[in-house]
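Encoded as structure tokens, the structure appears first; notes follow it.
The values are calculated or read from the model by the stated rules, or taken from the named source; none is laboratory data. Just so it is clear, the model here is predicted, and its values are computed rather than measured. Neighbour counts run over all protein chains shown; Cβ positions are idealised from the backbone, glycine included.
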Amino acid sequence: MMGIHARGFTLVEVLVGLIVVALSLAALMSGISSAARGSEYLRDKTVAQWIALNRITEVRLNVQKFGESGDKGEISFANRKWRYDTRYFDTDNATIRRVVVRVWPQSAKEKAGPLAESASFLGSALMPPGSSSIQPDWRSVSTPGGPGTPGAPTADPKSGGKAAPTGSPPGSSSSSTQANP
């Protein structure tokens, strides 16, 4: 009789195969978990940015009265609690203020950096709404530093020391000629 030799896997080969499969599954789970954390971070960052932009819109619409230098508050948005800090800064132009809004999740530590930050500017109107056909008198806007600073109007000797316009407004038909030395 002939002996039938059944050939199969040895115990060592099975263990090596199980180790390879286990390492592969661990790497796969690590990758999936990392992707989930990244997705959660991006979701939170997006929501925090929306909160910052909404807060700037509230300040612009003056829906909520704002303080002189800033205010802090909490808000419930997207089924979570958030903290915001609104700060107001003066600029070189007295009619314009800079607004900066920073947003954190409520669970974040006090010293942690904000998850989102957004900045904008607020200013008073130079002209009444709907009067776009009237050209504003830009010389009446106060300039920081006065004459002699970059951007300040220069004195025109022909007008008795009054400020000379730096250019004609768009749509004006006046032209000026200058002699070349």
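For region 86-107, the set of residues classified as aliphatic (A, V, I, L, M) and exposed (fewer than 14 other Cβ atoms within 10 Å of the Cβ) consists of Ala94, Ile96, listed by residue number.
Restricting attention to region 49-85, the residues that are under 17 Å from Gly123 (Cβ atoms) and either at pLDDT 95 or above or crowded, with 16+ Cβ neighbours inside 10 Å (or both) total 3.
Whether a residue is among the small types (Gly, Ala, Ser) and either free of Cβ contacts under 8 Å to residues at least 40 places away in the same chain or in contact with a Pro (Cβ under 6 Å, 6 or more places away or on another chain) (or both) was assessed, and Ser107 passes this test.
Does Thr86 meet the test of being of a type in the set (Val, Ile, Thr) and under 22 Å from Glu110 (Cβ atoms)?
Working: of a type in the set (Val, Ile, Thr): yes; under 22 Å from Glu110 (Cβ atoms): yes.
Judged against the criteria, Thr86 is a match.
Counting only residues that are touching an Asp or Glu at 6+ places or on another chain (Cβ under 9 Å) and of a type in the set (S, T, N, Q), region 76-95 holds 1 of them.
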